[in-house]
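Remarks on the structure that follows.
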Amino acid sequence: MACRCSEISKCERDMSLLGGDVAQKINTARTKNDSTMSKYPTVSQSLSEAVFAQNFERVDQRFTAVKKQHDSYIDALQIRRGSENQRVRNRLDSYRNEDRRYHEMMAQKVK
């Protein structure tokens, strides 16, 4: 058993980072991905007007596959962020309990 005040402070900073900057960056990536892929119909139309594609359905399938892949990457990052946030939260609870017991024990010794 030991004083965990510095670890508690580190956990709180980690949770702030995971809940703020990391979450914001993931949401920005999702927005940019959605924005980029929303341009697909225009690109697709331009492609069909510019060249004759033997199998245009393959081009369409590839666009769909790329979008799905990017969405899954972003979803995986979001899940990982949530898991890491929960792990830090659990560690913080443990540190707080240990720290409380330590300080109570030290207060008892002083009496």
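Return one number: the angle in degrees, 0 to 90 and rounded to the nearest 10, between the long axis of the Cα atoms of helix 40-50 and the longest principal axis of the Cα atoms of the chain. Around 20 degrees separate the two axes. Site pair TYR73 and VAL110 shows an inter-label distance of 5.4 nm when each label is modelled 7 Å from Cα along Cα→Cβ.
The residues packed around SER94, meaning those with a beta-carbon under 12 Å from its beta-carbon, carry a net charge of +3 if Lys and Arg are +1 and Asp and Glu are -1.
Give the label of the value calculated from the structure for P(r) over Cα pairs in 5 Å bins from 0, in percent, choosing from [x] 2, 12, 24, 25, 19, 10, 5, 3, 0, 0; [y] 2, 10, 14, 12, 10, 9, 8, 7, 6, 5, 5, 4, 3, 2, 2, 1, 1, 0; [z] 2, 12, 18, 19, 17, 14, 10, 6, 3, 1. Calculated P(r) over Cα pairs in 5 Å bins from 0, in percent: the matching label is [y].
Non-local lysine pairs in segment 5-110, meaning eight or more places apart or on different chains, with alpha-carbon distances under 27 Å, amount to 8. Taking the Cα atoms only, what angle lies between the long axis of helix 23-38 and the longest principal axis of the chain, rounded to 10 degrees? Tilt relative to the chain: about 10 degrees. Fully extending the segment from THR42 to HIS103 would add 15.5 nm, taking 0.36 nm per residue of separation and subtracting the current Cα-Cα distance. Axis of helix 56-110 versus longest Cα principal axis of the chain: the two differ by about 0°, to the nearest ten degrees. Estimated from helices alone, the mean residue ellipticity of the chain at 222 nm is -30000 deg cm²/dmol (sum of -39500 (n - 2.57) over DSSP H runs with n ≥ 4, per residue). Normalised by the number of residues in the chain, the average gap of Cα pairs under 8 Å and 6 or more apart makes the relative contact order 65 percent.
All of the numbers you see were taken from the coordinates with simple rules; none came from a lab. Predicted model only: the values in this text are computed from it and were never measured. For neighbour counting, all protein chains shown are included, and Cβ atoms are generated from backbone atoms with ideal geometry for every residue, glycine included.
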